[in-house]
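K.L.:
Before anything else, here's the structure in question.
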Amino acid sequence: MNYTHLTLEERYQIYALLREGFSKRHIACRLNRSPSTISREINRNRARNGYFAQHANKIALRRQCSNPKRIPSEMWVQIIAYLHLQWSPEQIASHVPISLHSIYRFIRLDKNKGGTLFHHLRFRNQRKRKYGFPETRGQLSNRKSIHDRPIEIEYRTRFGDLEIDTIVGKKHQQSLVSIVDRKTGYLWLKKCGSRKAEEVCQATISLLKPIKDRLKTITADNGKEFSLHEHAAQALEIDWYFADPYSAWQRGTNENTNGLIRQYIKKGSDLNRYSDAYISEITQRLNHRPRKRLGFRSPSQVLFQEHGVALQMLI
């Protein structure tokens, strides 16, 4: 038997039989459908408070709109605009009623025609650092280990638990201080003329001082640029911890965010080429980009909606 989509009438039957307490297998038998078809229909198209025929039919029809010829040109213009903001196809699909596969197909067709939309997709660089080797960069004084950090930080239930890192420029001459909140993913980014501890410390304080009463902890790697951590921690009234050497996964939020920044600033770039205004624009784009783990809300939305923090406080 050739596969056909469920009709609205069948969905009303599913709704009625579910209300009567019949099992999915029984419903499949009554409709002469596969049990997996009924199970998938209920799981994919149900509302928050149950399965309803009209709601399910509306969602299914929207999902079926995958033929580029049937999609209005205005919608493709909107999708292209999001791609230029470096939104992923999954993030775009969360805001535009079009399937993820249609977006990827559109990008692929554009590439085949000589287009450049695919340049805006995210590519993961291979990790080149070898993990597990002994620390050779010297020890930071009075460092508190990540293993002494309160366990509640692992659950990402509160705002104010931060991770910090530096992104190095060409020939290690400049750096970017990158700070991100573990729960919301909100990013602070500032360019420094060097990786010297004094400059990194001052950049950290200037970025976080406007909101220091909301902060709780910060976790860094073992770079010497954080040797003035005690001064920064005192100025911000925050507890400062250090991850284990060569254990980037212990600061996964920061590492992933740095990967997003690399979409705009390639590894080994001369950071002097990028103005403070450009750095600010990058920060704004990432803070307003929807994230899957946040239910496709942006870090800025979560920060304001759940914690009442206005963006003006962060500037």
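K.L.:
When the C-alpha atoms of the chain are aligned to their principal axes, what extent does each axis show, in angstrom, from largest down?
P.N.:
72, 49, 42
K.L.:
Is the shape of segment 163-315 best called rounded, prolate or oblate, per the rule: a/c under 1.5 gives rounded, else a/b larger than b/c gives prolate, else oblate, with a ≥ b ≥ c the square roots of the Cα gyration tensor eigenvalues?
P.N.:
rounded
K.L.:
Kindly rank 79-91, 218-230 from highest to lowest mean number of other beta carbons found within 10 Å of each residue.
P.N.:
Result, highest mean Cβ count within 10 Å first: 218-230, 79-91.
K.L.:
Take each of the peptides 93-99, 31-37, average the number of other beta-carbon atoms within 10 Å over its residues, and list them starting from the highest.
P.N.:
So the order, starting with the most tightly packed, is 93-99, 31-37.
K.L.:
Let me ask something additional. Determine, from the Cβ-Cβ distance of Gln234 and Arg19 and an R0 of 45 Å, the FRET efficiency 1/(1 + (r/R0)^6), rounded to the nearest 0.05.
P.N.:
0.10
K.L.:
Which value, to two decimals, describes the C-alpha radius of gyration of segment 73-117 once divided by 2.2 N^0.38 Å?
P.N.:
1.03
K.L.:
Follow-up. Just to be sure I understand: if I project the alpha-carbon convex hull of segment 8-66 onto a plane and average over all orientations, what area do I get in nm²?
P.N.:
Over every viewing direction, the Cα hull of segment 8-66 projects on average to 3.9 nm².
K.L.:
Ok, one more. First measure r as the distance between the Cβ atoms of Tyr155 and Lys113, then evaluate 1/(1 + (r/R0)^6) with R0 = 41 Å and state the FRET efficiency to the nearest 0.05. Display every interim value, and only then the final one.
P.N.:
Numbers: r = 48 Å, r/R0 = 1.16.
That pair, Tyr155 with Lys113, gives E of 0.30.
K.L.:
Using only alpha carbon pairs under 8 Å that are at least six residues apart, calculate the relative contact order of the chain and give it in whole percent.
P.N.:
RCO, the chain: 14 percent.
K.L.:
Ranked from highest to lowest mean number of other Cβ atoms within 10 Å per residue, what is the order of the peptides 292-299, 156-163?
P.N.:
Details: 292-299: 15.1, 156-163: 20.0.
Per-residue mean Cβ counts within 10 Å order the peptides as 156-163, 292-299.
K.L.:
For the chain, what does -39500 (n - 2.57) per DSSP helix run (n ≥ 4), summed and divided by total residues, give at 222 nm, in deg cm²/dmol to the nearest 500?
P.N.:
Calculated at 222 nm, the ellipticity per residue is -11500 deg cm²/dmol.
K.L.:
Which net charge results for the neighbourhood of Glu152, defined as the other residues with beta-carbon distances under 12 angstrom from its beta-carbon, given Lys and Arg at +1 and Asp and Glu at -1?
P.N.:
That sum, taken over residues with Cβ under 12 Å, equals +4.
K.L.:
Continuing with this model, one more query. How far apart, in nm, are the 7 Å Cα→Cβ label points at Ser94 and Ser145?
P.N.:
Distance between label points: 3.6 nm.
K.L.:
Return the distance in nm (one decimal) between the two label points of a simple spin-label model at Ala60 and Gln263, each offset 7 Å from Cα along Cα→Cβ.
P.N.:
3.4 nm
K.L.:
What net charge is computed for the residues neighbouring Thr4, neighbours being all others with C-beta under 12 Å from the C-beta of Thr4, Lys and Arg scored +1, Asp and Glu -1?
P.N.:
0
Read the figures in this text as sums done on the coordinates, not as results from a lab. Bear in mind the structure is a predicted one, so any value in this text is a computation, not a measurement. We place every Cβ from the backbone using ideal geometry, glycine too, and count neighbours over all the protein chains shown.
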